[in-house]
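The values are calculated or read from the model by the stated rules, or taken from the named source; none is laboratory data. The model shown is predicted, which means the values in this text are computed figures rather than measured ones. Cβ placement follows ideal geometry from the backbone for every residue including glycine, while neighbour counts extend to all protein chains displayed.
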Amino acid sequence: MDFKTKQRFRRLAKAQPWRKAGPAYKDAPHEYVWWQNSKLSDFRALKKIIQQHGTMGTWRQSRYRFLNVDGLVYWEMYSVVNRSLACSLDRGGYPGPAARVKIAKRFGRKD
C-alpha cells in the first residue's frame with residue numbers, strides 16, 4: 001500500500017464511530033463500526049482499502065482479509081469493519097497471556 005493510501009486509510013479509520021464489542025466477545029475484545037453508524041461513503045472506502053490491500057489470514061478457524069496499519073489489524077465482515085491489536089492474530093487467533101492482557105487493556109469493556 002502506498003503512502004497516500006495509508007494516510008487516507010488512517011484518516012478514514014480515525015473518523016469512524018468505533019464501538020467496543022459486546023459481552024459475547026469477552027474472549028476476543030475488539031472494536032467495530034457498523035455502516036449505519038458511519039458516513040456511508042467513508043465506510044465503503046475503508047472496506048475497499050481493506051479488500052484491495054489486506055492479506056488473507058486465519059482467526060479461530062475462519063478466514064478473513066486483514067489490513068495491518070500502525071499495530072492494529074482491520075477486517076471487514078459484510079456490514080461491519082472490525083479492529084483489534086495485531087497480536088490478536090497470534091497463534092491463529094489464540095494469543096498468549098501477555099498479548100491477551102494488552103488486547104483487553106485496549107479493547108476490553110468497562111461495563
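Quick one: how many residues across region 65-91 are hydroxyl-bearing (Ser, Thr, Tyr) and buried (at least 16 other Cβ atoms within 10 Å of the Cβ)? Of the residues in that region, 3 qualify. If the condition is being surrounded by 13 or more Cβ atoms within 10 Å (Cβ to Cβ), within 25 Å of residue 91 (Cα to Cα) and more than 13 Å from the chain's Cα centre (by Cα), then region 13-55 contributes 25, 53. Please tell me if residue 58 is among the polar types (S, T, N, Q), surrounded by fewer than 15 Cβ atoms within 10 Å (Cβ to Cβ) and not in a strand (DSSP E or B). The answer is no for residue 58. The single condition among (1) over 11 Å from the mean Cα position of the chain (by Cα); (2) free of Cβ contacts under 8 Å to residues at least 40 places away in the same chain that residue 106 does not satisfy is (2).
Table: residues versus (1) modelled with pLDDT under 95; (2) out of contact with any helix residue (DSSP H, G or I) (no Cβ under 7 Å at 6 or more places or on another chain); (3) assigned to a helix (DSSP H, G or I).
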site	(1), (2), (3)
1	yes, no, no
10	no, yes, yes
17	no, no, no
46	no, no, yes
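Every residue in region 92-105 that is crowded, with 16+ Cβ neighbours inside 10 Å and either farther than 17 Å from residue 57 by Cβ or of a type in the set (D, E, K, R) (or both), please. Hit for region 92-105 is 100, nothing else.
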